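Structure first, commentary second.
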Amino acid sequence: MNASLLVKYCPNGHRMATAARRCDRCDYRADAPTEQRGELDRTVYGTIEDIRALDVPAPLPVAALMVLVVSSGPWAGREVPLEAGVWRIGKNPSASDSARALPISEDGYLSREHVELVVGRAGGVLTDLDSTNGTFVNGTRQTSAVLTSGDRVHIGETEFTVRVPGSPS
């Protein structure tokens with residue numbers, strides 16, 4: 001196996017350096033005893049092609065407050081679990097101490113930083129970051145919108161439905 005193509009993901013779906021013993025984003029410790037790592041101990045190793053070929057949905061992290069169910073675009077068929085906090089979504093969004101990045105680099109119609117999504121217990125607030133092609137919530141162009149379970153969001157070629165675990169759709 002070509003080591004330059006080897007990738008590693010923690011159980012929460014965060015990409016880790018191959019030699020890393022802990023995830024920088026969620027502090028998952030791969031070197032902790034199994035009983036401390038919990039039931040979701042599913043660190044995944046393999047080439048990018050191997051992992052894509054598995055086509056297994058990622059386990060839902062315990063702290064996931066929102067799931068983006070992608071129905072069209074380059075990520076069609078995926079479910080993306082999001083923890084509480086601020087997320088920047090786009091072709092190449094920047095991460096910071098106050099915001100996490102969710103890059104969808106394969107979507108040619110997304111702006112570099114297309115939207116910001118603040119995820120909380122009851123849903124989230126989506127804000128368009130002056131994107132070129134706009135942000136549509138339930139078919140209407142929006143600059144900002146409160147999202148709840150069942151809302152449909154269209155950005156670039158990507159369309160997803162918001163699911164808030166434990167909420168009626």
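The values are calculated or read from the model by the stated rules, or taken from the named source; none is laboratory data. Here the structure is a predicted model, which means the values were calculated and not measured. Here Cβ is always computed from backbone atoms with ideal geometry, including for glycine, and neighbour counts include all displayed protein chains. Ligands, DNA and RNA are excluded from the accessible area calculation, which covers all protein heavy atoms including side chains. Shrake-Rupley method; radii C 1.70, N 1.55, O 1.52, S 1.80 Å.
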Looking at G108, G150, G156, G77 in this structure, which one is touching a residue at least 24 places away in the same chain (Cβ under 8 Å), small (G, A, S) and at positive phi?
G156
In the stretch 82-93, the residues that are part of a loop (DSSP other than H, G, I, E, B) and either at pLDDT below 90 or within 12 Å of N133 (Cα to Cα) (or both)
A84
Give the stretch 94-123 a look and list any residue that's over 14 Å from V164 (Cα atoms), part of a loop (DSSP other than H, G, I, E, B) and among the charged types (D, E, K, R), or say none.
D97, E106, D107, R112, E113
If you go through the stretch 88-101, how many residues are touching a residue at least 12 places away in the same chain (Cβ under 8 Å) and surrounded by fewer than 17 Cβ atoms within 10 Å (Cβ to Cβ)?
4
Output the number of residues of the stretch 140-154 satisfying the condition of being open to solvent by 70 Å² or more (accessible area, probe 1.4 Å) and in contact with a Gly (Cβ under 7 Å, 6 or more places away or on another chain).
2
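The rows are residues; the columns are (1) of a type outside the set (F, W, Y); (2) open to solvent by 10 Å² or more (accessible area, probe 1.4 Å).
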| position | (1), (2) |
| --- | --- |
| L68 | yes, no |
| G73 | yes, yes |
| V86 | yes, yes |
| E116 | yes, yes |
| D128 | yes, yes |
| S131 | yes, yes |
| N138 | yes, yes |
| G156 | yes, yes |
| F160 | no, no |
